[in-house]
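Enquirer: Here's a structure for you.
The values are calculated or read from the model by the stated rules, or taken from the named source; none is laboratory data. Keep in mind the model is a prediction, meaning the values are calculated, not measured. Cβ placement follows ideal geometry from the backbone for every residue including glycine, while neighbour counts extend to all protein chains displayed.
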Amino acid sequence: MGKRKSGADDKAPTKDKMEIDSEENSSSDDDDDTTSLLNVDFEWFDPQPTTDFHGLKMLLRQLFDVDNQLFDLSELTELILAQPLLGSTVKCEGEESDPYAFLTVLNMHQHREKAVMKQLTEYLLSKTSNQESVRVLRELLSPASKAQVGLILTERFINMPSEIVPPMYGMILEEISWAVQDKEPYEFTHYLIISKTYTEVASKLDAEDDRPQKKKKSGSAQATETFYFHPEDEVLQRQAIAHCSYDYTKVGEEGTSDAKRAFQELGVRPQGQLILIEGKKFEGSVKAVKEYLGGGS
């Protein structure tokens, strides 16, 4: 596979770095609000098989939310680490530290016989079985299909700045190009992004409140607004040939964490999201993300 962040010649840096100014509010003795800038150095690395297993697995658990237990995340992490020249991790404390974010792509056709890829494929087919808008995705994932679908997996800590996203997508574009030149199986016909959304719902806590509630206007319909955990998903969705949200399987089941139950009780309903982009439009989609978020090449 071609060279990249840990390249073999003098022109290829061992890592890329970005300094981002983060605003931090503080109060003085006079109770005046002041804003200070906190400089944070973010560094991009290739996935490191010797150090990144637990950090990547934790981020995958976050990505799949309450349904993470339905998949063999250890095997999925190993698939990511088995292609260390494809994909990126973002760290703040050097190569040996845990990743704060990652982005990679897996060939669903190439890995179709892997147990975890079978789990993921069956899961996605079940979630889209009643959604006509994503019928094309079901066709692409069917056993008879020869489509080369690149599964984009990406996640980051909640407080990570969105400026780190465009460089990760830019790097994956370059790496895929180099891999195709080397005759590796990354010439994708489509890209499938798994992500998360949430909608606001009636709060269970409000329902238990004895105070009188405002009545809805009779005959008025309230449109459900979708919010994105990752702001770039709104841009990518505009480039998609198909997209949908779906309910998690494990929500409400015994064993769901108190934090997840509280999240719903406070009036927020998380869902999984799928975004399908044609391979020939992926480069333009990455450009649109960069224009929207900024943050370097």
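Residue by residue, here is whether (1) in contact (Cβ under 8 Å) with a residue 60 or more places away in the chain; (2) surrounded by 16 or more Cβ atoms within 10 Å (Cβ to Cβ) holds:
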{"residue": "Leu85", "(1), (2)": "yes, yes"}
{"residue": "Glu113", "(1), (2)": "no, no"}
{"residue": "Leu120", "(1), (2)": "no, yes"}
{"residue": "Leu141", "(1), (2)": "no, yes"}
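Enquirer: If Asp65 meets every condition in (1) farther than 23 Å from Pro185 by Cβ; (2) touching a residue at least 60 places away in the same chain (Cβ under 8 Å); (3) buried (at least 20 other Cβ atoms within 10 Å of the Cβ) apart from one, which number is that one?
Expert: The number of the failed condition is (3).
Enquirer: Among the residues that make up region 270-278, is at least one of them at pLDDT below 95, surrounded by 14 or more Cβ atoms within 10 Å (Cβ to Cβ) and under 20 Å from the mean Cα position of the chain (by Cα)?
Expert: yes
Enquirer: Can I ask one more? Is it the case, given these coordinates, that Leu76 is part of a helix (DSSP H, G or I) and without any contact (Cβ under 8 Å) to a residue 40 or more places away in the chain?
Expert: no
Enquirer: So which residues in region 127-152 are closer than 30 Å to Asp52 by Cβ and either within 21 Å of the chain's Cα centre (by Cα) or in a helix (DSSP H, G or I) (or both), if there are any at all?
Expert: Of everything in region 127-152, those that are closer than 30 Å to Asp52 by Cβ and either within 21 Å of the chain's Cα centre (by Cα) or in a helix (DSSP H, G or I) (or both) turn out to be Lys127, Leu137, Leu140, Leu141, Gln148, Val149, Gly150, Leu151, Ile152.
Enquirer: Enumerate the pairs (first residue in region 169-195 and under 13 Å from Leu151 (Cβ atoms) and polar (S, T, N, Q); second residue anywhere and modelled with pLDDT under 95 and part of a helix (DSSP H, G or I)) with beta-carbon separation below 6 Å, excluding pairs fewer than 6 apart on the same chain, so at least 6 apart or on different chains.
Expert: That search, which allows pairs on different chains as well, returns nothing.
Enquirer: So, one more: For region 167-187, does any single residue satisfy the condition of being in a loop (DSSP other than H, G, I, E, B), within 23 Å of Arg138 (Cβ to Cβ) and either β-branched (Val, Ile, Thr) or in contact with a His (Cβ under 6 Å, 6 or more places away or on another chain) (or both)?
Expert: No, region 167-187 has no match at all.
Enquirer: Shifting gears a bit: Within region 228-251, is even one residue outside any helix (DSSP H, G or I), modelled with pLDDT under 85 and over 17 Å from Leu63 (Cα atoms)?
Expert: No, because not a single residue in region 228-251 is outside any helix (DSSP H, G or I), modelled with pLDDT under 85 and over 17 Å from Leu63 (Cα atoms).
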